[in-house]
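The values are calculated or read from the model by the stated rules, or taken from the named source; none is laboratory data. Here the structure is a predicted model, which means the values were calculated and not measured. Ideal geometry is used to build each Cβ from the backbone, glycine not excepted, and the neighbour counts take in all protein chains shown. The protein model used for the area step is the full one, side chains on, heavy atoms only, and it has no ligands, DNA or RNA in it. Shrake-Rupley method; radii C 1.70, N 1.55, O 1.52, S 1.80 Å.
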Amino acid sequence: MTDLQEFRAATRAWLEENCPQEMRQPMNEADVCWGGRNWVFQSDAQRDWLNAMADRGWTVPEWPKAYGGGGLNGDEQRVLKEELDRINARPPLQSFGIWMLGPALLEFGTDEQKRHYLPQVARGEIRWCQGYSEPGAGSDLAGVQTKGVDAGDYFEVTGQKIWTSYADKADWIFCLVRTEPDAPKHKGISFLLFDMASEGVTTKPIKLISGASPFCETFFDGVKVPKDQIVSERGKGWTVAKYLLTHEREMIGSSDAALFGSEDLVEVARDAIGLNENNQLDDPVLRGKIADFLIDELAFDAELARAKDWMRAGNQLGVESATLKYTGTELNKRRQELIMEAGGLEALEWDFANAESDEKASLWLRSKGNSIEGGTSEVMLSILSKAVLELG
Amino acid sequence: MTDLQEFRAATRAWLEENCPQEMRQPMNEADVCWGGRNWVFQSDAQRDWLNAMADRGWTVPEWPKAYGGGGLNGDEQRVLKEELDRINARPPLQSFGIWMLGPALLEFGTDEQKRHYLPQVARGEIRWCQGYSEPGAGSDLAGVQTKGVDAGDYFEVTGQKIWTSYADKADWIFCLVRTEPDAPKHKGISFLLFDMASEGVTTKPIKLISGASPFCETFFDGVKVPKDQIVSERGKGWTVAKYLLTHEREMIGSSDAALFGSEDLVEVARDAIGLNENNQLDDPVLRGKIADFLIDELAFDAELARAKDWMRAGNQLGVESATLKYTGTELNKRRQELIMEAGGLEALEWDFANAESDEKASLWLRSKGNSIEGGTSEVMLSILSKAVLELG
Amino acid sequence: MILLTEEQQMIRDMAAGFLSDKASVDAFRAQRNAGQSGDTSINNEMAEMGWFGMLTSEDAGGVDMGAQAAGLVAEEMGRNLTTSPFLSSAVMSAAALRVASETEWAGKVASGEAVVALAMDEHIKHRPDMVGTKAEASGNGFVLRGTKRFVGDGGAADRLIVTAMTDDGLGLFLIDPTTDGVTVDPVKTVDNRNAANLTLDNVQVDGSALLAKGDIAEEALGTALRVGRSVGAAELVGVSKEAADRTVAYLKERKQFGVTLSQFQALQHRAADLYTQIQTTESVIAAALKAIDEGRDDAECLSRVAKAKASKTANLAVREAVQMHGGIGMTDDLDIGLFMKKARACGEYLGDATCHAEWLLRERGV
Amino acid sequence: MILLTEEQQMIRDMAAGFLSDKASVDAFRAQRNAGQSGDTSINNEMAEMGWFGMLTSEDAGGVDMGAQAAGLVAEEMGRNLTTSPFLSSAVMSAAALRVASETEWAGKVASGEAVVALAMDEHIKHRPDMVGTKAEASGNGFVLRGTKRFVGDGGAADRLIVTAMTDDGLGLFLIDPTTDGVTVDPVKTVDNRNAANLTLDNVQVDGSALLAKGDIAEEALGTALRVGRSVGAAELVGVSKEAADRTVAYLKERKQFGVTLSQFQALQHRAADLYTQIQTTESVIAAALKAIDEGRDDAECLSRVAKAKASKTANLAVREAVQMHGGIGMTDDLDIGLFMKKARACGEYLGDATCHAEWLLRERGV
């Protein structure tokens, strides 16, 4: 038996013993474990599963053991993933700490920072949010206005962020702040970490057209941030931010992320519209539109799989992540439009004040944000046109 | 009986007597009478019909009688049109002289020029072509490089034009020439008229991807053009040209021009693909695409009709002509793509060297030029975005 | 490029002025936030201006101004997201009542005294020709059984016109919603319209409830739908125009990377393309409304093309509007999302592009 | 983002080098201008490189390198508009012969000695399952009657594999085109390929002409089509990539209004969108070819999605290419129009997007 085969056998046995049956079922958005200081576990099983996985470092299997990770190599990561998939195990923890802050700290943090912050992320003890966008800046992320005034040992941070995902639920924030007001636009930004419970921080959820409020406005009024909570150097925050943006798109691109939608259009249409005497959808023209969509959707499935193979082989997606982001989100918008079409008059029954996130109309409206958040489709096309096609 | 009713009765009687039966049938491209010095009438009927109509000034019913026109007012023009349509009368004459040079001379010409040139146009004695585009200039029509050197009584014209429609068949040309080399780009151009039989003029047909050669390259090598053959003033040619460009789009927009295509997609598809047992096109997905096209096509038919009503009421289309040009040509490209799709493998049988202009593949390939010639779709969108939406 | 008579211009101006004052997008939002659907308090004012009698003969108390006039009002309603029983009651029901030679309720509709809703949808998609509701002769009247879906202004209606199959073919019944066995179940909708689902559980009605049957019923329903589609299309193009106008204004004002969005050619071209779509849509709606007023045969086809095209264009308009507004377009605080919801609901109601495209194909025998 | 093995990289480089040298777009144009369809003079060289035996077992004289390798060659053929019996003979017919355990002609195909064409289309659209050609048992053989359309390389074929219905279901027959009653009617096509229509007028053949019947015939035809679609899709994506590359290069070089076209954001975004479509297309083609080589069940579905997507993308690519080239793109002098013609023909051959979308829907039971 090779090492890998042994690893697989051991993993399988351990999972059999430690993954609660309740955690082996499909989950929807409401079942996600985000962790954090104020997290209320939805069940004992959810808590036990997180603790068991965190103890092995398997909430972040690819991170070094020293920082709370599993220290697994590429093959082992793949095997773990396969074994988890085999029993339909739910992810024990999801967080912006794992997806974003972690990779940034691993790349740019001091050893001290890594030892301090990463294990808390890995165990789900601290929930993080991301303070990038600002009102009026839109796609121009480097147009940071939030200022951090040098006050000796600390910066005094004043300003406003927008589109901060779950800021109202997060414990800490990683945040772009202009600390060098006289430097050129891209060179005056620092990447700061601070506690959302600090004095001077307030958040206000933003109501979306779908009725949900996943984002906040976040206000800073003289928030004191000690200088050792800077990642990389003063004025180098844009480098960290750019690294994270690519990483964010890679993450979006290589996961079956919610952005790409998962509802089965064919099932929805069959249920809503029914079949005619020839066993065809009883709306021939809509049927044709669905067929055309299916071609594009199945082709994109192959592209997502290719991206995963590519990354599994140790490559970076780089700018190709823009292709995935653009294609996947535009497809999901089309899917949701078609689902609404198939849902007809019934799908129009919806109560904004009491909208459920899995209703057709909610999913349709929420999908419109896919091609805006995380970089608009227009920004993706501009990136590709410049970086790949070298136009401009 | 009102004057108009009297006019209608007289017109109807006159047409009954003077419009040959052969000239009361649908025509295709090959049946067009273009006139000109070298014109060979396809039939006695074609010649008689032209002469009869020209004698009454009805080849150009809206022009003043003094210049060979019919001098009809708006109501009379409409009645004449209705009576011609009623008997399916073919246009007695089509020409760039009628569509383009005439309107330009009426607006900008001297009385002498009008008296000299317009009657020849009205009678189909001189066939005109248009010398605007130059190699390398593309959509930038004001980038005229052809130069007219002042040589006392005349200009010596040297340069090259491209996309000159039927230059190889035309007798005279109206031509943009840079006569003031030191003036700013738009102020150095003159609008010259000259004989294509002049020494130094050569033409070379351009073979298109469809196999047809409706356009030429046209070369001028020291062509002598007397100074009284200038329309408007020296350096004011761009004003004339702009007037004509709007007029050209209006003409395109308000006629059932070839650019918009006339093949009945539904008929073509029925013939090619056939019906299934439910009397539906036997390719459900293609059927849906055709349906979607029909909506847009029938809506555009209404728009064309509206434009005609608008002009008949004495209004100018102005910048709205760009809407018609853009919408109509893009629709025709879609129509021809669908016709090729319906035609399947059979439509692929086509011989470039011996292509007939009414074959499916020829029409399909030719349609690709619709959204390029007379101003590209991109130029139309830019015009609308600037002139109507005031973006930019 | 729209040729309006002086009278038409006046109607449009009056509608624009009144609605932006009394039934604006702000009013719509306030109603939604208060959990209300539609505002009937201004019905009397609308009626006074003659809006509710535009499709009703003067003999029956209407002003008989025709579909083109109604289209002008509807377009302004679309621009303002006005929720009113105008389309369901004063356009569609009034048109049906006129064909059926009913004058009492037609008069009440015209005067603003009553709302009459047309209940013709039973399926998930708009298929008014598939009527599962049955009306069985019983005594000197009928017993009705069936369900209806998404009845426009069903929640506020004083009477319902219900389609049901009788032994002699299609029947139209005028039913008091308080009759035993009638359940009106108001539903919240994505565009906060005053819709209701309807259950008819052995509803006993008098013979006089039968408005029309057979050919006349078909004609009444057909007329109501034809006018409804065309006027509904005008409402939709109003939604499209307002969404496009707001977006173009936003492009001129919003800066990114140091310049206004209006400098970006990719956005310019998309905005211009949308403009051309709206132009075409306006054209076919005008043609449909005119054909109706002139009683021409091609009104049926034109009204379907108009509704289909208006649905397509509105869909494009609101998608472009939200995307070009970017993040702020996703927030409920901005109005643009309300236009998206309205466009979706109006696009579906009375048949989407797919529905009418199918009709066109069948008509052409393919 | 394509993961190629070293061997695959070598095949691609070799194909690119050889074809741009010996079978380039210039060569294609020269053949067309000379009234010829395809160039068989380089078949031997292609065979020597193993290209014609990629789908044939080593026992039968092939090199058995699989569909992925064939896809690499086909993509370069697409880039160069190479007209060759590769797809029809060495991919599709070879795949069918292999399932039918025929080795003699398989070997001749692999060695470049013979061209074997697959005659399976009878209808205007690609419907290989609708076989009207009949093979009636007669003596120790069969009599065939029917017509076939658009037989790829039919004009140059030494043998034809013909689908015909026997009393025992589908049959595949290997027929000498010089047999009495066989008429091969070469046709000029929009992409100047070597196609022919075929008439079988009471063609008497030996029993040995029957390559396969019933399930095996179905499997042989199914395999040929599956591989043909996937490799054909690779050819199409080659067409798309070359058209896109030439267009992007043109945008960088061509000036309008004083700047290069590449400065215009509207064109940048369209070019980038096309790029993403090509990326997605490449992905699904790679997946289909891999599934075939691994003998997986999803190869059927993937090969259809690959062909459909490749047809759609190529259509977009050449439309954008011609439009962005402007006037010069409309001239026969420029090559870009040749790509448009190729994309049309290859998009239709072996089924367009519509054809395979229909299959997908039926497979999903809707």
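Note on the range B:181-239: among residues that are polar (S, T, N, Q) and out of contact with any helix residue (DSSP H, G or I) (no Cβ under 9 Å at 6 or more places or on another chain), the one that is least open to solvent (accessible area, probe 1.4 Å) is B:T218. Scan the range D:65-88 and give yes if some residue there is touching a residue at least 40 places away in the same chain (Cβ under 8 Å), in contact with a strand residue (DSSP E or B) (Cβ under 7 Å, 6 or more places away or on another chain) and not assigned by TED's automatic domain parsing to the domain that holds D:R149, otherwise no. Within the range D:65-88, one or more residues are touching a residue at least 40 places away in the same chain (Cβ under 8 Å), in contact with a strand residue (DSSP E or B) (Cβ under 7 Å, 6 or more places away or on another chain) and not assigned by TED's automatic domain parsing to the domain that holds D:R149. Of the numbered criteria (1) out of contact with any strand residue (DSSP E or B) (no Cβ under 9 Å at 6 or more places or on another chain); (2) surrounded by fewer than 24 Cβ atoms within 10 Å (Cβ to Cβ); (3) within 7 Å of chain D (Cβ to nearest Cβ); (4) not hydrophobic (A, V, I, L, M, F, W, C), the one B:D351 fails is (1).
Listed here are the residues, each with its yes/no results for (1) out of contact with any Ser or Thr (no Cβ under 9 Å at 6 or more places or on another chain); (2) open to solvent by less than 30 Å² (accessible area, probe 1.4 Å); (3) over 18 Å from B:R78 (Cβ atoms).
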position	(1), (2), (3)
B:T2	yes, no, no
B:A10	yes, no, no
B:E17	yes, no, yes
B:A30	no, no, yes
B:W34	no, no, yes
B:V40	yes, no, yes
B:A45	yes, yes, yes
B:A52	yes, yes, yes
B:E62	yes, no, no
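Residues of the range C:209-222 that are in a helix (DSSP H, G or I) and among the small types (G, A, S): C:A209, C:G214, C:A217, C:A220, C:G222. Could you tell me whether the range B:78-93 includes any residue that is under 30 Å from B:K204 (Cβ atoms) and touching a Ser or Thr at 6+ places or on another chain (Cβ under 6 Å)? Taking every residue of the range B:78-93 in turn, at least one turns out to be under 30 Å from B:K204 (Cβ atoms) and touching a Ser or Thr at 6+ places or on another chain (Cβ under 6 Å). The strands (runs of 3 or more DSSP E) located wholly in the range A:137-246 that include 2 or more residues which are of a type in the set (F, W, Y) and over 30 Å from A:L317 (Cβ atoms) occupy A:154-165, A:215-226. Note on the range A:59-97: residues that are modelled with pLDDT of 95 or more and of a type in the set (S, T, Y) amount to 2.
Quick check on the range C:348-366: of everything there that is of a type in the set (G, A, S) and open to solvent by less than 10 Å² (accessible area, probe 1.4 Å), which residue is nearest to the other protein chains (Cβ to nearest Cβ)?
Among residues in the range C:348-366 that are of a type in the set (G, A, S) and open to solvent by less than 10 Å² (accessible area, probe 1.4 Å), the one nearest to the other protein chains (Cβ to nearest Cβ) is C:A357.
Here the range C:161-178 is the region considered, the condition is being in a strand (DSSP E or B) and under 16 Å from C:N202 (Cβ atoms), and the residue that is most open to solvent (accessible area, probe 1.4 Å) is C:M165.
Which members of the range A:284-329 meet the condition of being of a type in the set (G, A, S), open to solvent by 30 Å² or more (accessible area, probe 1.4 Å) and out of contact with any Ser or Thr (no Cβ under 8 Å at 6 or more places or on another chain)?
A:A313, A:G314
Taking into account only those residues within the range B:272-283 that are at the interface with chain A (Cβ under 10 Å from one of its Cβ atoms) and surrounded by fewer than 24 Cβ atoms within 10 Å (Cβ to Cβ), which is nearest to D:E122 (Cα to Cα)? Looking at residues that are at the interface with chain A (Cβ under 10 Å from one of its Cβ atoms) and surrounded by fewer than 24 Cβ atoms within 10 Å (Cβ to Cβ), I get B:N276. Within the range B:114-126, the residues that satisfy the criterion of being in contact (Cβ under 8 Å) with a residue 60 or more places away in the chain and crowded, with 19+ Cβ neighbours inside 10 Å are B:Y117, B:V121, B:A122, B:R123, B:G124, B:I126.
The set of residues from the range D:56-99 being open to solvent by less than 20 Å² (accessible area, probe 1.4 Å), aliphatic (A, V, I, L, M) and outside any helix (DSSP H, G or I) comprises D:A60, D:L81.
Among the residues of the range A:354-392, the one identified as small (G, A, S), within 11 Å of chain D (Cβ to nearest Cβ) and touching a Gly at 6+ places or on another chain (Cβ under 7 Å) is A:S385. Among the residues making up the range D:286-308, those that are within 8 Å of chain A (Cβ to nearest Cβ) and open to solvent by 10 Å² or more (accessible area, probe 1.4 Å) are D:A286, D:A287, D:C301, D:L302. The residues of the range D:324-337 that are open to solvent by 10 Å² or more (accessible area, probe 1.4 Å) and within 21 Å of the chain's Cα centre (by Cα) amount to a single one, D:D335.
So for the range D:209-216 (the condition being within 14 Å of chain B (Cβ to nearest Cβ), of a type outside the set (D, E) and either within 21 Å of D:V91 (Cα to Cα) or open to solvent by 10 Å² or more (accessible area, probe 1.4 Å) (or both)), does at least one residue qualify? Checking the range D:209-216: not a single residue is within 14 Å of chain B (Cβ to nearest Cβ), of a type outside the set (D, E) and either within 21 Å of D:V91 (Cα to Cα) or open to solvent by 10 Å² or more (accessible area, probe 1.4 Å) (or both).
Looking only at residues in the range C:119-158 that are of a type in the set (K, R) and in contact with a helix residue (DSSP H, G or I) (Cβ under 6 Å, 6 or more places away or on another chain), the one that is farthest from C:C346 (Cα to Cα) is C:R149.
Take A:K325 and decide whether it is touching a helix residue (DSSP H, G or I) at 6+ places or on another chain (Cβ under 7 Å), modelled with pLDDT under 95 and either within 12 Å of chain C (Cβ to nearest Cβ) or farther than 22 Å from C:L316 by Cβ (or both). Here the answer is yes, as A:K325 does meet what is asked. Of all residues in the range D:185-208, those satisfying the criterion of being in contact with a helix residue (DSSP H, G or I) (Cβ under 7 Å, 6 or more places away or on another chain) and either open to solvent by 20 Å² or more (accessible area, probe 1.4 Å) or in a helix (DSSP H, G or I) (or both) are D:P186, D:R193, D:N194. Answer yes or no as to whether D:Q277 is over 20 Å from the mean Cα position of the chain (by Cα), outside the structural domain of D:E76 (by TED's automatic domain parsing) and open to solvent by 40 Å² or more (accessible area, probe 1.4 Å). Yes: the conditions hold for D:Q277. When restricted to residues that are more than 7 Å from chain B (Cβ to nearest Cβ), of a type outside the set (S, T, N, Q) and open to solvent by less than 30 Å² (accessible area, probe 1.4 Å), the range C:251-274 contains 4. Annotation: of all residues in the range C:109-140 being outside any loop (DSSP other than H, G, I, E, B) and more than 23 Å from C:K213 (Cβ to Cβ), the one that is most open to solvent (accessible area, probe 1.4 Å) is C:S111. Looking across the range D:1-41, the residues that are touching a residue at least 40 places away in the same chain (Cβ under 8 Å), among the β-branched types (V, I, T) and either within 14 Å of chain A (Cβ to nearest Cβ) or surrounded by fewer than 18 Cβ atoms within 10 Å (Cβ to Cβ) (or both) come down to D:I2, D:T40.
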